[in-house]
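What follows is a short report on a single structure.
The values are calculated or read from the model by the stated rules, or taken from the named source; none is laboratory data. All figures in this text were calculated on a predicted structure; none of them were measured in a lab. Cβ sites come from the backbone with ideal geometry, for glycine too, and all protein chains shown count toward neighbours.
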Amino acid sequence: MKRLDASPCLLSVLVLCAPSVQASGHLPLRQTPPESFASFDACVERLRQLHAQNRVDTDKGPQPIENGATREKIVDTKGVVVDGRDAAHYYAEVGWSVRSPGGDGAGNRWIQSNYTFERWAWTCSGTSLSGTMEGGFTSPSFEPLR
């Protein structure tokens, strides 16, 4: 009796049914210039100012831009965290989501979504503030409209 090798068929089914691969990119990590303050409390106040600056415009939701697209600022953070008598940190991802309508001559319609971000990490150690920033993006995603 002759056996059928199902592995090529199985591989084809797996490839066709697999979710699409999403690529992304990152910019190199950058150090921010260090800052010194008269007191630990002054350093923590600077972290609170950075947090407040990042939150500007996040309550507005998606805002219209050109050609029917929208842009929304999104901040993901736990806010300023005091870790002890002379240690505090502030971590935040500040992102921008852009959604653009699209279509083709065959009548297909979609929304294209793009996301770019900056990841900030600020640390107060006593009266010294240090920080890093990493930027990046995700590949566009497409949502069909019916």
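Take the residues of segment 51-75 that are assigned to a strand (DSSP E or B) and surrounded by 12 or more Cβ atoms within 10 Å (Cβ to Cβ): which is farthest from the chain's Cα centre (by Cα)?
To start, the set of residues in segment 51-75 that are assigned to a strand (DSSP E or B) comprises 63-64, 70-75.
Among the residues that remain, those that are also surrounded by 12 or more Cβ atoms within 10 Å (Cβ to Cβ) are: 70-75.
Numbers: THR70: 17, ARG71: 13, GLU72: 12, LYS73: 10, ILE74: 8, VAL75: 8 Å.
Only one residue tops the list, namely THR70.
Check segment 23-42 and report whether any residue there is in contact with an Asp or Glu (Cβ under 6 Å, 6 or more places away or on another chain) and either at pLDDT 95 or above or surrounded by 13 or more Cβ atoms within 10 Å (Cβ to Cβ) (or both).
There is at least one residue in segment 23-42 that is in contact with an Asp or Glu (Cβ under 6 Å, 6 or more places away or on another chain) and either at pLDDT 95 or above or surrounded by 13 or more Cβ atoms within 10 Å (Cβ to Cβ) (or both).
If we keep just the residues of segment 92-146 that are of a type outside the set (A, V, I, L, M) and part of a loop (DSSP other than H, G, I, E, B), which is surrounded by the fewest Cβ atoms within 10 Å (Cβ to Cβ)?
Ranking the qualifying residues of segment 92-146, first place goes to ARG146.
Confirm whether VAL98 is under 13 Å from ASN114 (Cβ atoms), at pLDDT 95 or above and of a type outside the set (D, E, K, R).
For VAL98, the condition - under 13 Å from ASN114 (Cβ atoms), at pLDDT 95 or above and of a type outside the set (D, E, K, R) - is met.
List the pairs whose first member sits in segment 124-143 and is in contact (Cβ under 8 Å) with a residue 24 or more places away in the chain, whose second member is among the acidic types (Asp, Glu) and not in a strand (DSSP E or B), and whose Cβ atoms are under 6 Å apart, counting only residues at least 6 apart or on separate chains?
GLY126/ASP86
Based on this model, can you work out whether VAL81 counts as over 20 Å from SER141 (Cβ atoms) and either in a strand (DSSP E or B) or among the β-branched types (Val, Ile, Thr) (or both)?
yes
Please go through segment 32-49 and pick out each residue that is outside any helix (DSSP H, G or I) and of a type in the set (Val, Ile, Thr). Full working, then the answer.
First, the residues of segment 32-49 that are outside any helix (DSSP H, G or I): 32-39.
Across segment 32-49, the qualifying residue is only THR32.
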